[in-house]
1. Picking from I11, F137, F33, whose Cα lies most toward the positive end of the charge dipole for the stretch 6-196 (charges on Cβ: Lys, Arg +1; Asp, Glu -1)?
2. Sum up the charges of everything whose Cβ sits under 15 Å from the Cβ of Y67, counting Lys and Arg as +1 and Asp and Glu as -1, but leave Y67 out.
3. Can you give me the Rg/Rh ratio for the stretch 48-135, using Cα atoms for both radii and the Kirkwood formula for Rh?
4. Let me spell out the model: positive unit charges on the Cβ of Lys and Arg, negative unit charges on the Cβ of Asp and Glu, origin at the Cα centre of the stretch 6-196. What dipole size does that give, in debye rounded to 20?
5. Quick one: what does P(r) look like for the stretch 6-196 with 10 Å bins over all Cα pairs, in whole %?
6. In the P(r) worked out for the stretch 1-109, what percent of Cα pairs fall beyond 25 Å?
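Bear in mind these aren't lab numbers, they're just calculated from the coordinates by the rules spelled out. All of these numbers come straight from a predicted model, not from anything done at the bench. All Cβ positions, glycine included, derive from the backbone under ideal geometry; neighbour counts span all protein chains shown.
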Amino acid sequence: MIEGGDLQYLILGAEHMITGYDHLLFLFGVMFFLTSFSSILRFVTAFTIGHTITLISATYLGITTNYYFVDAIIALTVIYKGFENLNGFPKLFGTKSPNLVMMVLIFGLIHGFGLSTRLQQLPIREDSGLLMHILSFNVGVEFGQIAALAVMWVVLGFLRRTKFFNLASVYINVALMFAGFVLFIMQMHGVFHTTMAEDYPISRDDHIHAHLEMEASGGRQTRDQTSAVSAPVPSAETAQSA
């Protein structure tokens, strides 16, 4: 992407949204009980405003943090939406749910910051085209979001016409909360490894093997042993050439 133009950033933004399962799960939760175009427009606009603000401003100003940590917070927004869809606040706390439009706006800010941390991993040229690259990426995100919402609208419309919708809505939103919880654990696992990289220098290829060895030794591996696990094994061709 060093030499990529605005079109490449636009395509990248669309791909990131379409493949961003945490963003899609949250949007699916937001869409779940919306039946009118005006209500969909209101909530999607709030979410779009939120993520546009932080995506553009944080990327342009170079404000970033551990992307695993931001994605862990995004996972919590998925759990929240599933919980809210199940009327969790009145059932568990005896109170009304917080204003949903405001919450979607706030969560949009968080999602936008998550998008920004990922975008800032790319070697974006800091020249006169920087702002246009960011804007193009954001426009691509919007295109991807529209495509995803269109599919969700069709799927949910079909589901609402079945006699099993009320029962299915409970199981689906419980599954939504569970998916958010799994994502949260996965992202916190990433936080653990990135913040303690010196103690746990595990490569991507040998990740699971290192964990298995640490479990087998009761977590008493030394740093040297862990490094040995993460070191790449030379191939037969490499050994012969040596």
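1. With unit charges placed on the Cβ atoms, the residue in question is F33.
2. Around Y67, the charge tally is -1.
3. 1.12
4. Numbers: 9 positive and 8 negative charges, 171 e Å.
That gives the stretch 6-196 a dipole magnitude of about 820 debye.
5. Percent of Cα pairs in each bin: 9, 34, 36, 16, 4, 0.
6. That fraction is 28 percent.
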